[in-house]
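The values are calculated or read from the model by the stated rules, or taken from the named source; none is laboratory data. If you're wondering where the values come from, they're calculated on a predicted model, not measured in any experiment. Every residue, glycine among them, receives a Cβ derived from its backbone with ideal geometry; neighbour counts consider all protein chains shown. Protein only, heavy atoms only, side chains kept; ligands, DNA and RNA dropped before computing areas. Shrake-Rupley method; radii C 1.70, N 1.55, O 1.52, S 1.80 Å.
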Amino acid sequence: MSIATILEQLKQKNPNEEEFHQTAEEVLFYFSPVLEKHKQYQQYKIVERMLEPDRVISFRVNWVDDAGEVQVNRGYRVQMNSALGPYKGGLRFSPTVSLGEFKFLAFEQTFKNALTGIPLGAGKGGADFDPRGKSDGEVMRFCQAFMQELYRHIGNRLDVPAGDKGVGAREIGFLFGTYKKLQNQYEGVLTGKGINWGGSLMRTEATGYGLVYFAQEMLRQAGEEVSGKRCIVSGSGNVSQYCIEKLIRLGAKVVTVSDSSGFIYDEKGIDEEKLAYIKELKNEKRGRIEEYARKFGAEYTPVHQGGDSDPLWNVKAELAFPCATQNEVQEKDVQNMKSNGVFLLAEGANMPLTAEATKLIEQSDILYGPGKAANAGGVAVSGIEMMQNYIGSYWSAEEVDSRLKKIMCDIHNQCLQTAEEWGFGKNYAAGANIAGFIRVADAMIAQGVI
Ligand code: NDP
Ligand code: 2IT
């Protein structure tokens, strides 16, 4: 079956899952030469099978809020592919989530996890729960109720969730505590755990640091370096905070940071003291980024929904790191970045570029690091956390950081080598998708039609 027919059938079979269609279209675009050369991938219907999750779990989550009112939410876990290892991928809590969003994220995760070289399958899940504005007690009760159902579907060698948007250290703690209570067993089961109860050093930093290590490799290819560059970063959560930290430590100047309400432009640059304030504001006080402007005298621009561009991406810079959410960068934003001299964009978020923005950036001379490669450091250190849980022994921050660096460097090289091998020049997206695909496809063929 041709790629076009596969995509057509996917849309018919899964209506209203636009983000899943978007990622499938972007990924499958590169597969024609691979399917042409390796007929067994067609014979065994590998692409069609990869697009159909092994299992989708959807469940009701009931909990009681601080006012004593019963709340009803919906939880999900998409167990996408287990050819390479146990299902692995984060949990997202956000009021707007849908099944299509989890399928897009789980599909991306399949290729990303394969690229890490660690034996990890792929999954993703979460709930239509908004942690913003909730008390710690409400978040705890929600996490307990969510895990009361999820616990029967996950396990150390079965499915190992972690954090994602809206799920950080606090939520992982409540989820882990509930799992342990229900199973009466102390096992790894989630990653991103606290460092004195089974977590790995450097997991908190891993996605953001890994993103910058990946960008460093891209820059090295172009005879450039991070030091001295002006950078624009979106988001102010886990990925952004540690992306900014690593950029600052490598001598770059970061001039933006944002949240879902608006963005900060700080011409003087974010330094370590300002970053410590951002961490406290977002991780402890759970406040709005606008407060940064009042504290440090920077410019704040509230978000305008529905426009064809975001002024954050029109701030003059050389390096861009979208680290908030999907489809946050539109075609016009890429045009603005080009005119402003941005010459590298590496994705901390999953699919932060719209389909049109992705097409445009791939035709431009901006170096483009796709999320499934550039943000793989998080899941890579999750894999390293799982290894430590299995062996019951823990490694130093230096050890984990050096493994992370090596993995990001290996992913970078795989992308370039694979792109070149398949006639896509220096296209990192082509390399990432094809390299990840071949690894999963070969394992699926070896394991039979199951
Ligand atoms: P967090 O919840 O820690 O932070 C998300 C940030 O993005 C917050 O600043 C949030 O603002 C902002 N944001 C959320 N929704 C929107 C929106 N619709 N428009 C603008 N800004 C928004 O999540 P993470 O940092 O963990 O995740 C960020 C991205 O990185 C996601 O795409 C995630 O899938 C991806 N990712 C995460 C990994 C990880 O290890 N955590 C690994 C690989 C990828 P507010 O405070 O207002 O909510
Ligand atoms: O998108 C991602 O790679 C993550 N949210 C991290 C997944 C993980 O299992 O650490």
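Per-residue accessible area (protein heavy atoms, 1.4 Å probe) orders 410, 333, 401 as 410, 401, 333, starting from the largest. In terms of accessible area, using a 1.4 Å probe and ignoring ligands and nucleic acids, 66, 442 rank largest first as 66, 442. Computed with a 1.4 Å probe on the full set of protein chains, the accessible area for residue 201 sits at about 70 Å². Rolling a 1.4 Å probe over the protein heavy atoms of the chain, with every protein chain left in place, gives an accessible area that is 48 percent carbon and sulfur.
Only beta bridges with both residues in the chain are counted; by DSSP, about 60 percent of them are antiparallel.
Annotation: lysines with alpha-carbon distance below 18 angstrom to residue 285 (same-chain offsets under eight excluded): 134, 165, 274, 295. Screening the chain for whole DSSP H helices of 30 Å or more along their axis (Cα) with average Kyte-Doolittle hydropathy at least -0.5 returns none. You can think of it this way: the chain between residue 187 and residue 158 has 9.2 nm of extra reach, that is 0.36 nm per residue less the Cα-Cα gap. For the chain, the solvent-accessible area with a 1.4 angstrom probe is 40 square angstrom per residue. Packing around the peptides 47-57, 322-332, taken as the average count of other Cβ atoms within 10 Å per residue, puts them in this order, highest first: 322-332, 47-57. Take the alpha carbon gyration tensor of the chain, find the square roots of its eigenvalues, order them as a ≥ b ≥ c, and report rounded if a/c is under 1.5; if not, report prolate when a/b exceeds b/c, else oblate. Rounded, since a/c falls under 1.5. In the structure shown, the pairs 112/406; 332/372; 37/88; 37/372 are assessed against 26 Å; a Cα-Cα span above that value is assigned to 37/88. Ranked by solvent-accessible area (1.4 Å probe, protein heavy atoms only, all chains present), the residues 21, 412 order from largest to smallest as 21, 412. Per-residue extension of 0.36 nm, minus the Cα-Cα distance of residue 445 and residue 279, leaves a gain of 55.2 nm for this segment. Helical runs assigned H by DSSP (4 residues or longer) give the chain a calculated mean residue ellipticity at 222 nm of -14500 deg cm²/dmol, each run adding -39500 (n - 2.57) before division by the residue total. In summary, the lysines within cross-link reach of residue 11, defined as a Cα separation below 16 angstrom excluding same-chain residues under 8 places away, comprise 103.
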